[in-house]
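Here, each number is a calculation from the coordinates, and none is a lab measurement. Only a predicted model underlies this, so the values are computations on that prediction, with no experimental measurement involved. No Cβ is skipped: glycine too gets one built from the backbone with ideal geometry, and neighbour counts run over all protein chains shown.
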Amino acid sequence: MKAKNYFKKMAVAAMGLLATGVSANNLKITGTSVDTSAGTVTFNIQWDNSWKTNIAPANYDAVWVFIKYQDCADKLWKHANLSTVSVDHSVGGSVLKLDAVTDGKGVFVYRNANGGGNISSTSVTLKMNVAAANYTNYNFKVFGVEMVNIPSGQFTVGDGTSTSSYTQYTITGNTAITTSSLGTGDSAPAAFPKGYNSFYTMKYEITQEQYVEFLNTLTYGQQARRSVAAPNSAAGTFAFANTYGNGVKIQVPGFNASTPAVYACDLTTGDYNDINDGQNIAMNQLSWADTSAYLDWSALRPMTELEFEKICRGPLSPVAGEYAWGTTEINYIPSGSVTNAYMANEGSNTVANGRANYYLSSAYSHYGPGRVVKSGFSATNSTGRITAGASYYGAMEMSGNTYEFAVTTKTAGNSYTGVLGDGELSTITATDGDSNQLNWPDNTGVYLRGGDFLGAANYSGNNSTFLRISDRASGAAAAGRVAGSAGVPGTAGYGGRGVR
């Protein structure tokens, strides 16, 4: 998501604020305007590779759209509540439709009828519901996250082969699941999200551009907790370590512990947010606290281990040792095959079944790019599920690139009830910038799933088994940002994805 500048105040009362384009992977939100008298925001939305189908997988993709506003008096960004009545919002033309949600934190925009292909620019108008609003004194930003619908229905967890896999078990509803069914030490109380009900998942891992836009709506103190370098560091300082393809930098330093910094993407040093600065590269080097804060801020929530397996496998019977694309085939991405490095169309010039970004080495050399790559790097308009490396329902990089955080069915995580983020973070000094949602676990209640590009940090290894759908060998997430050691993943390979 990219906002080149904040909305500019205008003298016309009915058209108070304007903004330039916003993008996220192949999603674009442009031409935004605000009618301050009506309390509405209008913009154009478009994205690529959209679908809706009534045959397997019988689902569709969507965009989760939400709005942040900034009071010109205090300069703080807040989450804008929207009308919970769908007809209060409107979509131009007949291609798209829109659903409001009961908590008013955003809307879902998706295809109105079965079909596939790119969505051309379409006008959307959203009705805001901000308490005691004085819209003429506010700046606004509109954000979009590409999502995939996961239909309701039964599915099976555990493949009988992968390390620490669940005992193979079919989930047929929302009743409690006992330890005897899932395996020693694992259980899922009735309120634990099991994946049986319909939900949405992010289509892609959090990108570096999305994380930059997140940072740019935080206070100085919150930024200090959500990055490594202090917000008042010199312009051009990497916000995280300058390793493994992370290019988030401080563009304008913060000041006096009160004025927040401005962050930007700059993987190829020069102009900030240039076309080859890695905006669509997956965000890595995130701690669990970073990812949970992003999910709370965007009014999403963490997925569970059970939901992770449903997203990957769908209703199909488990295959021993399978990856997210449903087979046991896997091929690393050779560094020499990476094309259009760090650009929006970064990809691979070789097509293979089960193409994934994972760690493979001999005693003398490492095979692969050795960094995070673009979210959805192996998908084109001519690839199928296996050659694109897609999950059953169309989510990308569920195996490889960065680790996925999933709330565990172990005791440390299974009190989680699926409470949604509310768009706001903690403002208490000790936890400023952290997620603050009821029953969201700390790192001990989150397992790492799906493997990453880094894996075993030694001279000879292959971490492909960690990419399996049912593999739980990586265990709980580290408490903070840590370096890896032999056989133990560090947070350089940690990314993020949320659900709703």
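A few comments on the model shown:
- Ordered from longest to shortest, the equivalent ellipsoid semi-axes for segment 225-322 are 34, 17, 11 Å, each the square root of 5 times a Cα gyration tensor eigenvalue.
- Where only DSSP H runs of four or more residues are counted, the chain gives -2000 deg cm²/dmol as its mean residue ellipticity at 222 nm, each run worth -39500 (n - 2.57).
- DSSP-loop GluC sites (Glu not before Pro) across segment 322-381, with at most 16 other Cβ within 10 angstrom: Glu329
- On the principal axes of its alpha carbon atoms, segment 51-128 extends 51, 24, 20 Å, with the longest extent given first.
- Pairs from Lys52/Lys249; Lys52/Lys310; Lys68/Lys97 whose Cα-Cα separation, in the structure shown, is over 29 Å: Lys52/Lys249
- With Cα atoms defining each centre, segment 80-158 and segment 330-370 are spaced 35 Å apart in the structure.
- Here segment 324-448 is treated as an ellipsoid with the same Cα gyration tensor; its semi-axes, largest first and in whole Å, are 34, 17, 16.
- Chymotrypsin sites (Phe, Trp or Tyr not before Pro), loop per DSSP, at most 14 other Cβ atoms within 10 Å - longest free stretch of the chain: 1-363
- For segment 133-179, average projected area of the Cα convex hull in nm²: 7.6 nm²
- Placed amide H near Ala176: partners under 5 Å, 5+ positions off or other chain: Ala190
- Per-residue HN-Hα couplings for segment 136-147 [Karplus 6.51, -1.76, 1.60; θ = phi - 60°; Hz; x = Gly/Pro]: 6, 9, 10, 9, 10, 9, 10, 10, x, 10, 6, 10
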